[in-house]
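I have placed the structure first, in the form of structure tokens, so that the comments after it can refer back to it.
The values are calculated or read from the model by the stated rules, or taken from the named source; none is laboratory data. Just so we're clear, the structure is a prediction, and the values are computed from it rather than from any experiment. Because the Cβ atoms are built from the backbone with ideal geometry, glycine has one as well, and the counts that use them run over all protein chains shown. These area figures cover heavy atoms from the full protein model, side chains too; ligands, DNA and RNA do not enter into them. Shrake-Rupley method; radii C 1.70, N 1.55, O 1.52, S 1.80 Å.
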Amino acid sequence: MNSFRLTFQDQDYQGTLREGIEEYHRYLRSLGRKIGTDEAHGLWTFHDATHVIFGHDTTLEQEASLDFCVYLQCHFKWRDIVAYNGDPVIQALFKSLISELGYTAPLVSYWRNRKVIWRIFRRSRHLKKKWPFTFPEEWLDRSVKELRDEHGIVILNTEEKHTDKRFEWS
């Protein structure tokens, strides 16, 4: 379980989106996780940016929450979501999750996270504009605070993300 706080999980994080993604990648490496790669500025970059913009780590519960951030607070094309979910790294991760925790694990994680998802839904109603899942490359060099302010994104704090029962899986 993640026991440290990532700096981009602060609402007023001043680093650039690129710096936030680099911190997210260091976090993944510290957990022994594989970092998804793509050609230059592509789907993995866009996905990793959502972790930074919405302030989520990679616990199963926060991944489930991030799904709803994407669905409710992002402007996206379904083909991008389908392509991301079809990536071999994501397929292997999903198979591992299912084999270790069972087929119902994703649905159970959504259920356990229902209060968090409700908070995300309520926050989505107050956005200035939705975050574009695919964004211009120059945004990587803009501050996360500036991007959040521009879109009206208010991330959930630690207490708001809390779920009583968490999955533990390798």
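The table below gives the values:
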quantity: Ala49 vs. criteria closer than 26 Å to Leu107 by Cβ, of a type outside the set (S, T, N, Q) and surrounded by 15 or more Cβ atoms within 10 Å (Cβ to Cβ); calculated: no
quantity: Qualifying positions in segment 22-37 - without any contact (Cβ under 8 Å) to a residue 40 or more places away in the chain and either under 23 Å from Ser143 (Cα atoms) or surrounded by 15 or more Cβ atoms within 10 Å (Cβ to Cβ) (or both); calculated: Glu22, Glu23, Tyr24, His25, Arg26, Tyr27, Leu28, Ile35, Thr37
quantity: Test: residue in segment 103-118 that is open to solvent by 40 Å² or more (accessible area, probe 1.4 Å) and part of a loop (DSSP other than H, G, I, E, B); calculated: yes
quantity: Tally, over segment 65-99, of residues that are closer than 19 Å to Arg125 by Cα and in a helix (DSSP H, G or I); calculated: 9
quantity: Of all residues in segment 119-132 being open to solvent by 50 Å² or more (accessible area, probe 1.4 Å) and over 19 Å from Lys161 (Cα atoms), the one that is nearest to the chain's Cα centre (by Cα); calculated: Lys130
quantity: Residue, farthest from Glu63 (Cα to Cα), within segment 87-104, restricted to residues that are within 18 Å of the chain's Cα centre (by Cα) and of a type in the set (Val, Ile, Thr); calculated: Val89
quantity: Output for segment 12-53, where each listed residue is closer than 17 Å to Pro88 by Cβ and in a loop (DSSP other than H, G, I, E, B); calculated: Arg33, Lys34, Ile35, Gly36, Thr37, Asp38, Glu39, Gly42
